[in-house]
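Presented below is the structure to which this report refers.
The values are calculated or read from the model by the stated rules, or taken from the named source; none is laboratory data. This is a predicted model, so every value here is computed, not measured. Glycine also receives a Cβ, built like all others from the backbone with ideal geometry; neighbour counts cover every protein chain displayed.
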C-alpha cells in the first residue's frame, strides 16, 4: 500500500513537471522576440560587407544573428550610402540609413557604417549614389543601376538575413570575417 501511494505521488509530480515544462515552452513561443532567449551581441564578431571601385557590395547577401553587428567597409575612393528599403512599399528606412566616405588608398583608414537588427527578418538595402528604387509592374520596388553610373550592370544593392538558423548563418562567405581585404582596394 505504501508503494502504490508513493508511485501515485511520483506520477503526480511528473505530471506537474511536464505541465510546467509545457507552460514555459508556450510562454517562450508566445513571447515577443525581445523576451525570447537573450542574444549576447557583445560576444558575436561582426559581419563585414565590402565595397570597392566596382560599385557593388562584395558580399551582397549576408546572414547575421539578432543583435549581431553588420559593418559596411568602404575600400573605394568614392563615397557610398547604405539605405534600407521596403520592397513592398518602396519606402526607405530612417534608421537603416548610413553613408561612408571614400578611402584615399591602401594603408589609409577606411570609412565604415555599422548597424544591428534586434528582430529576425529580411533587411533590403541599396546605395543611392549608384542605384535608384524603381517600382516594377506588379508593384514590387527594386533597385536599378543608375544609367549614369559606371561599373557592372547590376545595381549596388544587397540583403541582410537576420535569423538564428545555424545552417543559414554558416553560409556567409569567408570574406565576411575580415575587416580589410588585402588586394581588394579600388577606386
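Close Cβ contacts (under 7 Å, 6 or more residues apart or on different chains) running from residues in region 32-60 that are more than 21 Å from residue 125 (Cβ to Cβ) to residues that are at pLDDT below 50 and assigned to a helix (DSSP H, G or I) comprise 36/28.
Taking the criterion of being assigned to a loop (DSSP other than H, G, I, E, B) and surrounded by fewer than 22 Cβ atoms within 10 Å (Cβ to Cβ), the residues of region 60-79 that qualify are 60, 65, 66, 67, 68, 77, 78, 79. The single condition among (1) in a strand (DSSP E or B); (2) touching a strand residue (DSSP E or B) at 6+ places or on another chain (Cβ under 7 Å); (3) over 15 Å from residue 47 (Cα atoms) that residue 184 does not meet is (1).
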